[in-house]
Structures are given as C-alpha cells and as structure tokens.
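Here's the structure we're looking at; comments come further down.
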Amino acid sequence: QQQVKQSPQSLIVQKGGISIINCAYENTAFDYFPWYQQFPGKGPALLIAIRPDVSEKKEGRFTISFNKSAKQFSLHIMDSQPGDSATYFCAASITSGTYKYIFGTGTRLKVLA
Amino acid sequence: NAGVTQTPKFRVLKTGQSMTLLCAQDMNHEYMYWYRQDPGMGLRLIHYSVGEGTTAKGEVPDGYNVSRLKKQNFLLGLESAAPSQTSVYFCASSPRLAGGMPQYFGPGTRLLVL
C-alpha cells in the first residue's frame, strides 16, 4: 500500500515532442505529489508538485495531471528539449503524518536533438 | 545560501570499516532525511529527523545510525561497512509548510565498499 509505481523505466523522445511519465499509488491518504528531476552526478531537484484538490498544475513546459479516482498522476513535458534529458522521479507523501516521501523507481528520459 | 551540503563527495571503504557522512543545511529547516539511491530502486529512506535531538527509522535502516545534535546537521554513520552498502547517499531537508513539504537535496556522497 505504500508503493508508488512509476512507468516507463526509460523514454526516448524527439526534440519538440511530448514526454509523458506515469505514476500510480494505492494509499488514499497520500495528499502531496511532487516530481523531481535529477541530472547525472547531481541530487534530485524539485520540479513541480500537486495536491489532490486540483486535477492539473502547469509550470512552464511542465504539467502534472492528477486523477484522484484512478489514483494516478502523470508528468507531461511539452516541447521536450535535449536539456530535459534526465531521470525523473515521482513521489507521494502524507502531509499530516510522518513527513516521509515514497518515491517511484524513476524514469530515464532522453530527448534526441 | 549553500543549501544542503554533504561531506565527503566520494569514499572507498573496506568491509568492516566505519565512517560518518555529514549533512549540513543553512535554510533553518526542521526536517532532515537520509536516502540511498541504487540503480532501479529509486530513492529509499534510511533514517529521518523531525527536529533537533529526534531521529526515526525509515524504510532501510539496518546497518546505519544517525544523530541530529544540532538543527543544521544530520550525521549518518556506518559502524561496520558491508559491500551491500555500496550506494549513492543523499541527504535532504524540508521546511514544515502547510499544504506540502518540499524536500531539498544535497549533491550526494558516492560510497564504495570493497
């Protein structure tokens, strides 16, 4: 129940295309869903986050779509660029509980020039 | 602000040796975390702290100990290193915010246990 399942494991997209990464969870007590971006040799950096009271959040080319009934959320990267090539992690947390994140296993994105 | 810093950046240990990884943050965050990252496994929580003087076990605590004597520092100790502890270790800190608690990560410590 504490797992967050992330797919795909890897993704190759042409420059200008849309990258889509999906995550699914079981625990309905989760109420904070961040996405992290990690470049090789660096620590993860917060990209965008959403709470379940909204169905979509957009920041620049990055959008989170949230489907509460399906217990799924996804990251969309519009107009993907070679500089977006990185590993992306979704996570889930219970903000009133133990303050811990449960991370997905990551998606390695490569954007071809 | 330096954010979250980790010392050392890289270390090689022999089986059975001990070491301490240091994490420091200058953002006055209440919460601090230690994760390990292994290929295909994502980030797994080792220990965490919700305030100075307090620590708690995460998902994979065996073989590790932690201390948080000062609010800005969180130490991760390996008393007797094993090859299974070869990994990249990340420290993170988080403020307590209503509506969500973003975690800010350090650059990582790469540990090789021979």
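Structure note, pairs A:LYS15/A:LYS58; A:LYS5/B:LYS14; A:LYS42/B:LYS14; A:LYS71/B:LYS57; A:LYS5/A:LYS100; A:LYS42/A:LYS100: Cα-Cα distances above 23 angstrom occur for A:LYS5/B:LYS14; A:LYS42/B:LYS14; A:LYS71/B:LYS57.
Report the residues of segment A:69-90 in range of a label on A:LYS110: point 7 Å along Cα→C-beta, backbone N strictly under 15 Å from it. Answer for this model: A:82-88. Note that chain B presents 47 Å² accessible area per residue, ligands and nucleic acids not counted, probe 1.4 Å. Once C-alpha pairs closer than 8 Å and six or more residues apart are averaged by separation and normalised to the residue number of chain A, the relative contact order reads 37 percent. Excluding ligands, DNA and RNA and using a 1.4 Å probe, chains A and B jointly bury around 1600 Å² of accessible surface, summed across both partners.
Solvent-accessible area assigned to carbon and sulfur over segment B:38-114 amounts to 56 percent, based on a 1.4 Å probe. With both labels modelled 7 Å from their Cα along Cα-to-Cβ, the A:ARG51 to B:THR7 distance reads 3.8 nm.
For chain B, the relative contact order is 35 percent, taking Cα pairs closer than 8 Å that sit 6 or more residues apart in sequence and dividing their mean separation by the residue count.
Label-to-label distance for A:GLN72 and B:LYS70 is 4.9 nm, based on points extended 7 Å past Cα in the beta-carbon direction.
Annotation: the protein assembly as shown has a Kirkwood hydrodynamic radius of 18.1 angstrom, from the mean reciprocal C-alpha pair distance.
Measuring r between the beta carbons of B:LEU112 and A:ILE20 and using R0 = 45 Å, the FRET efficiency lands at 0.80.
Please report, as a whole percent, how much of the solvent-accessible surface of chain A comes from carbon and sulfur atoms (probe radius 1.4 Å).
About 49 percent, which is the carbon plus sulfur part of the accessible surface.
Straight-line reach from A:LYS57: which aspartates and glutamates have a Cα under 16 Å away, not including same-chain ones fewer than 8 places off? Cross-link targets: A:ASP31. Going by accessible surface with a 1.4 Å probe and the largest first, B:GLU52, B:GLU79, B:GLU30 read B:GLU79, B:GLU52, B:GLU30.
The values are calculated or read from the model by the stated rules, or taken from the named source; none is laboratory data. All figures in this text were calculated on a predicted structure; none of them were measured in a lab. Neighbour counts are summed over all protein chains in view; Cβ atoms, including those assigned to glycine, are modelled from backbone coordinates with ideal geometry. Ligands, DNA and RNA are excluded from the accessible area calculation, which covers all protein heavy atoms including side chains. Shrake-Rupley method; radii C 1.70, N 1.55, O 1.52, S 1.80 Å.
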